[in-house]
Amino acid sequence: QVQLVESGGGLVPTGGSLRLSCAASGGTFSTYTMGWFRQAPGKEREFVAAIDGSGGGTYYQHSVKGRFTISRDHAKNTVYLQMNSLEPEDTAVYYCAAGSPIATFSFREYDYWGQGTQVTVSS
């Protein structure tokens with residue numbers, strides 16, 4: 001059983017930056033694809049970014065490409081989401097997830113989820 005704990009959310013103005021962290025425990029971190037998803041009020045959960053077990057493969061939703069960067073630190077069993085040039089449309093609860101080595105964009109491919117962290121971007 002994998003436990004995931006997110007941190008780093010908060011309130012920032014448009015154009016600001018935040019770095020989300022997700023600490024994993026209870027599993028073999030390097031075997032999981034790690035993903036970030038988000039859910040805004042009244043909307044479905046959507047894929048944001050993912051990184052494969054080696055850290056060599058990354059995937060992004062089109063709207064965040066060039067602004068967000070996903071990375072992982074195997075020594076700390078932690079995955080990060082650096083978010084720059086934030087926009088009000090980025091406001092959502094952000095969730096960290098762990099999935100199989102072939103997981104990519106669909107939330108159905110991820111087996112373990114964190115509790116979420118709120119990101120609010122003021123206009």
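Read the figures in this text as sums done on the coordinates, not as results from a lab. This one's a predicted model, so the numbers in the text were calculated from it and none came from an experiment. Virtual Cβ from ideal backbone geometry, glycine too; neighbours counted across all protein chains shown.
Please state the Cα pair-distance histogram of the chain with 5 angstrom bins from zero: what percent is in each bin?
With 5 Å bins starting at 0, P(r) equals 2, 13, 24, 27, 19, 10, 4, 1, 0.
List the trypsin sites (Lys or Arg not before Pro) in the range 1-94 that DSSP assigns to loop (not H, G, I, E or B) and whose Cβ has at most 13 other Cβ atoms within 10 Å. Which are they?
Within the range 1-94, the qualifying trypsin sites (Lys or Arg not before Pro) (loop, at most 13 other Cβ atoms within 10 Å) are K43, K76.
What are the ³J(HN,Hα) values, in whole Hz, obtained from phi via the Karplus relation 6.51 cos²θ - 1.76 cosθ + 1.60 with θ = phi - 60°, for each residue of the range 17-24 in sequence order, with x given for Gly and Pro?
For the range 17-24, the Karplus-derived couplings read 10, 9, 10, 8, 10, 9, 8, 10 Hz, x marking Gly and Pro.
Can you give the charge dipole size of the chain about its Cα centre, rounded to the nearest 20 debye, using +1 on the beta carbon of Lys and Arg and -1 on the beta carbon of Asp and Glu?
That gives a dipole near 120 debye.
Pick out, in residue order, every one of the GluC sites (Glu not before Pro) in the range 18-123 that is DSSP loop and has at most 13 other C-beta atoms within 10 Å; say none if there are none.
Answer in residue order: E44.
As an exercise, use a Förster radius of 25 Å and the Cβ-Cβ distance of K76 and A40 to find the FRET efficiency, rounded to the nearest 0.05.
Computed FRET efficiency for K76 and A40: 0.30.
Per residue and in cubic angstrom, what volume does the convex hull of the Cα atoms of the range 1-57 have?
Hull volume normalised by residue count: 117 Å³.
Counting Lys +1, Arg +1, Asp -1, Glu -1, what net charge surrounds G16 among other residues with beta carbon under 12 Å of its beta carbon?
Spelling it out: positives minus negatives among the neighbours equals 0.
I need the calculated FRET efficiency for the pair L11 and K65, taking r as the beta carbon distance and R₀ as 25 Å, to the nearest 0.05.
0.55
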